[in-house]
1. Looking at the range 109-185, what strands (runs of 3 or more DSSP E) fall wholly within it and have at least 3 residues that are within 13 Å of the ligand (Cβ to nearest atom)?
2. Name the single residue, out of those in the range 186-203 being in a loop (DSSP other than H, G, I, E, B) and within 15 Å of the ligand (Cβ to nearest atom), that is farthest from E228 (Cα to Cα).
3. Which residue pairs have Cβ atoms closer than 8 Å, lie 6 or more positions apart in sequence or on different chains, and pair a first residue in the range 109-124 that is surrounded by 14 or more Cβ atoms within 10 Å (Cβ to Cβ) with a second residue that is acidic (D, E)?
4. Based on what the data block shows, is Q225 over 14 Å from I140 (Cβ atoms) and open to solvent by 30 Å² or more (accessible area, probe 1.4 Å)?
5. Just one of the numbered conditions (1) hydroxyl-bearing (S, T, Y); (2) closer than 16 Å to I131 by Cβ; (3) more than 13 Å from the ligand (Cβ to nearest atom) is not true of S240; which one?
6. Limited to the range 103-124, what total is found for residues that are in contact with a strand residue (DSSP E or B) (Cβ under 6 Å, 6 or more places away or on another chain) and within 20 Å of Q78 (Cβ to Cβ)?
7. Answer yes or no as to whether L23 is within 16 Å of the ligand (Cβ to nearest atom), touching a residue at least 12 places away in the same chain (Cβ under 8 Å) and open to solvent by less than 30 Å² (accessible area, probe 1.4 Å).
8. Return yes or no: is S42 under 27 Å from K236 (Cβ atoms), part of a loop (DSSP other than H, G, I, E, B) and either within 16 Å of the ligand (Cβ to nearest atom) or in contact (Cβ under 8 Å) with a residue 12 or more places away in the chain (or both)?
Amino acid sequence: MQVIIFDDAQHVATHAAEWVAELLNKNPKPVLGLATGSTPISLYQQLVNKHQAGQLSFKNTTSFNLDEYLGIDASNAQSYRHFMNENLFDHVDIDISKTFLPTCAQGENPRTQGLKYEQQIKQAGGVDLQILGIGANGHIGFNEPTSSLASRTRIKTLTQQTLNDNSRLFDKNEFQPTLAMTMGIATILDARYVLLMATGESKAKAVKDMVAGPLSAICPASALQMHENAIVLLDKAAASQLEEQEYYQWAHDQNIMINQEFGLYHNY
Ligand code: PGA
């Protein structure tokens, strides 16, 4: 796991945007895994800026989002489809028919819908780069604590902590879904590269458990310890409980030197 600590959230987003731009510029048929939540919004803003400046095209990109709520449809302002349209898709040249979310409409069987999503990812050639946030409880996607580390796309019941954390986004009398479809942990681990962004003090404990804790279903993000190419981008607040901060900085400096000599090598 490569841990990179930045001064602030803006630098985290800038670095993440560089990774995405590299993928889109290098790979003729990029497959991008996308996340919702507050954390990736500034990444999406930077991608939109790059696109508007003529530096980045999403024309050949296929995207797969991590998760989607059950019980509300795409037109609902709380749906993750709506979030993605508002924050990214409506502002770039992506072919909207190649943007996928793990949906399950009323009356559809979540078991078969999960399987279908897995097949769609496979047919697209697998995810090249998966963007991730992390919940204060260590979840990735909506893989809540106790999720199987071998899980695949499926229906998931949200924990009370996640419902509380996300309640800020819902009006007082608005329906807040308690169920979601989410890529599983094994689905996420299949991505060729994983880029996790975490900012703010509220994520510090989850980040510590993910990076330095035992591999455990109680902290689903700790499964990333098993990933060959997991990059964790943190601001200082989110990194504040990590004991090895000096080492991460030192290792990052070495990587920059190697990149300067040999160029970036990502197997995109
Ligand atoms: P946040 O959510 O970016 O809104 O903090 C992250 C997550 O729950 O994965």
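1. Output list reads 129-132.
2. The extreme case among them is G200.
3. That search, which allows pairs on different chains as well, returns I121/D190.
4. no
5. The number of the failed condition is (2).
6. So the answer is 3.
7. On the way: within 16 Å of the ligand (Cβ to nearest atom): no; touching a residue at least 12 places away in the same chain (Cβ under 8 Å): yes; open to solvent by less than 30 Å² (accessible area, probe 1.4 Å): yes.
Criteria not met by L23.
8. No: the conditions fail for S42.
The values are calculated or read from the model by the stated rules, or taken from the named source; none is laboratory data. Note that this is a predicted model, so its numbers are computed, not measured. Note that each Cβ is placed from the backbone with ideal geometry, even for glycine, and that neighbours are counted across all protein chains shown. Just the protein is used for accessible areas: all its heavy atoms, side chains included, with ligands, DNA and RNA removed. Shrake-Rupley method; radii C 1.70, N 1.55, O 1.52, S 1.80 Å.
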